[in-house]
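Structure first, commentary second.
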Amino acid sequence: MFEIVTKRKLNDSVVLMEVKAPLIAKKAQAGQFIIYRTDERGERVPLTIADKNPEAGTITIIFQTIGGSTKSLAALNAGDSILDVSGPLGMPTHFEEGIKKAVVIGGGVGCAIAYPQAKKLFSEGVSVDVIAGFRNKDIVILEDEMQAVSDRLIIATDDGSYGKKGFVTNILKELIDAGTQYDVAVAIGPVPMMKAVAAVTKPYGIKTIVSLNPIMIDGTGMCGGCRVTVGGKIKYACVDGPDFDGHAVDFDELMRRNASYRGEEQHSCRLTGTVRSRGNANTEEK
Ligand SMILES: Cc1cc2nc3c(=O)[nH]c(=O)nc-3n(C[C@H](O)[C@H](O)[C@H](O)COP(=O)(O)OP(=O)(O)OC[C@H]3O[C@@H](n4cnc5c(N)ncnc54)[C@H](O)[C@@H]3O)c2cc1C
Ligand code: FES
């Protein structure tokens with residue numbers, strides 16, 4: 001059992017938890033993740049290790065309550081325990097030697113996954129620009145944390161309610177066209193966002209790392225659920241990734257595979273006309 005030491009709401013749907021997991025805290029590196037189950041019948045859910053405190057023996061997870069399994073986790077409080085937490089899983093992010101200037105781009109809750117990457121680069125003396133995109137002001141998360149691990153933090157909102165108005169890709173292109181020379185870009189967020197960032201950086205030859213989020217089950221390379229195609233070759237995101245070269249990823253295939261279980265994840269009620277996520281008490285109108 002893994003005790004939840006602190007729990008904090010970052011916005012209406014995103015929760016931060018520090019969880020006692022001393023062995024994972026000792027070994028975890030940026031880019032790695034855990035898989036948890038809240039109970040014996042629960043799904044196995046992957047979440048990135050957003051931070052760690054080896055002295056206190058804790059890891060930090062930040063997650064969006066999106067469906068049944070993340071809602072059952074969000075229902076737990078400090079002092080409660082999570083049944084299983086396995087990790088650290090996946091390959092740590094690999095950065096080439098000699099990087100001087102990096103841009104880290106996060107989209108929504110993807111900022112929780114981008115934050116440890118920015119922190120690692122910044123702690124190694126790399127100059128880091130962070131571009132963090134959100135739909136609106138109400139869902140901005142981790143502003144102080146990202147500020148602390150960057151030379152320049154640019155927040156963008158789709159509706160202009162906070163920071164710069166527009167998409168992260170427009171801001172990235174503006175910075176590059178203004179002459180900022182990046183040795184590497186790290187993009188983490190919704191798949192269409194990562195695809196769009198990779199399309200912006202490709203003509204400039206900027207190496208671009210993306211963190212993929214395919215459906216995962218065992219997290220150890222056995223089930224094949226997390227299969228992705230990178231550079232025409234089959235890779236398993238749980239053991240070969242989750243970070244890959246964004247210019248080589250087949251994003252369209254990833255989007256198709258991620259949509260495979262949408263029917264099962266949502267139950268559409270013919271009586272009321274509402275759509276319900278599996279195991280999720282909240283309903284939303286069609
Ligand atoms: C390596 C990795 C790291 C991740 N890190 C984070 C993180 O730090 N914070 C965060 O909020 N989310 C993260 N995710 C996504 C998170 O795992 C899903 O949001 C979660 O599984 C949703 O489960 P649910 O039952 O609440 O929702 P459901 O209603 O079951 O599913 C909602 C959506 O979540 C995705 N999903 C569902 N089950 C899985 C699964 N077993 N594996 C992967 N995706 C799934 C699908 O896209 C699905 O459409 C990560 C995913 C991966 C693969
Ligand atoms: S999750 Fe099963 S092979 Fe990756």
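The values are calculated or read from the model by the stated rules, or taken from the named source; none is laboratory data. Predicted model, so just to flag it, every value in this text is computed and none were measured. When we count neighbours, we look across all protein chains shown, and the Cβ atoms used for this are built from the backbone with ideal geometry, even at glycine.
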Worksheet item: Under the condition of being more than 11 Å from ligand 1 (Cβ to nearest atom), outside any strand (DSSP E or B) and not β-branched (Val, Ile, Thr), which residue from region 212-244 is nearest to residue 48 (Cα to Cα)?
Response: 240
Item to complete: Name the one entry in 227, 256, 262 that is within 10 Å of ligand 2 (Cβ to nearest atom) and either at pLDDT below 95 or not assigned by TED's automatic domain parsing to the domain that holds residue 113 (or both).
Response: 227
Worksheet item: Would you call residue 104 within 18 Å of residue 48 (Cβ to Cβ), within 15 Å of the chain's Cα centre (by Cα) and not assigned by TED's automatic domain parsing to the domain that holds residue 30?
Response: yes
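Residue-by-condition table, conditions (1) assigned to a loop (DSSP other than H, G, I, E, B); (2) touching a residue at least 60 places away in the same chain (Cβ under 8 Å); (3) farther than 23 Å from residue 10 by Cβ:
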{"site": "36", "(1), (2), (3)": "no, no, no"}
{"site": "39", "(1), (2), (3)": "yes, no, yes"}
{"site": "55", "(1), (2), (3)": "yes, no, yes"}
{"site": "59", "(1), (2), (3)": "no, no, no"}
{"site": "62", "(1), (2), (3)": "no, yes, no"}
{"site": "69", "(1), (2), (3)": "no, yes, no"}
{"site": "73", "(1), (2), (3)": "no, no, no"}
{"site": "77", "(1), (2), (3)": "yes, yes, no"}
{"site": "94", "(1), (2), (3)": "yes, yes, yes"}
Item to complete: Search region 34-63 for residues being among the aliphatic types (A, V, I, L, M) and closer than 16 Å to residue 7 by Cα, and hand back the single one that is surrounded by the fewest Cβ atoms within 10 Å (Cβ to Cβ).
Response: 56
Discussion item. Against the conditions (1) at pLDDT below 95; (2) touching a Ser or Thr at 6+ places or on another chain (Cβ under 8 Å), where does residue 149 fall short? Just the number, please.
Written reply: (1)
Fill in: Flag for residue 227 being charged (D, E, K, R), in contact with a helix residue (DSSP H, G or I) (Cβ under 8 Å, 6 or more places away or on another chain) and surrounded by 13 or more Cβ atoms within 10 Å (Cβ to Cβ)
yes
Discussion item. Given the criteria under 14 Å from the mean Cα position of the chain (by Cα), at pLDDT 95 or above and of a type in the set (Gly, Ala, Ser), does residue 57 qualify?
Written reply: no
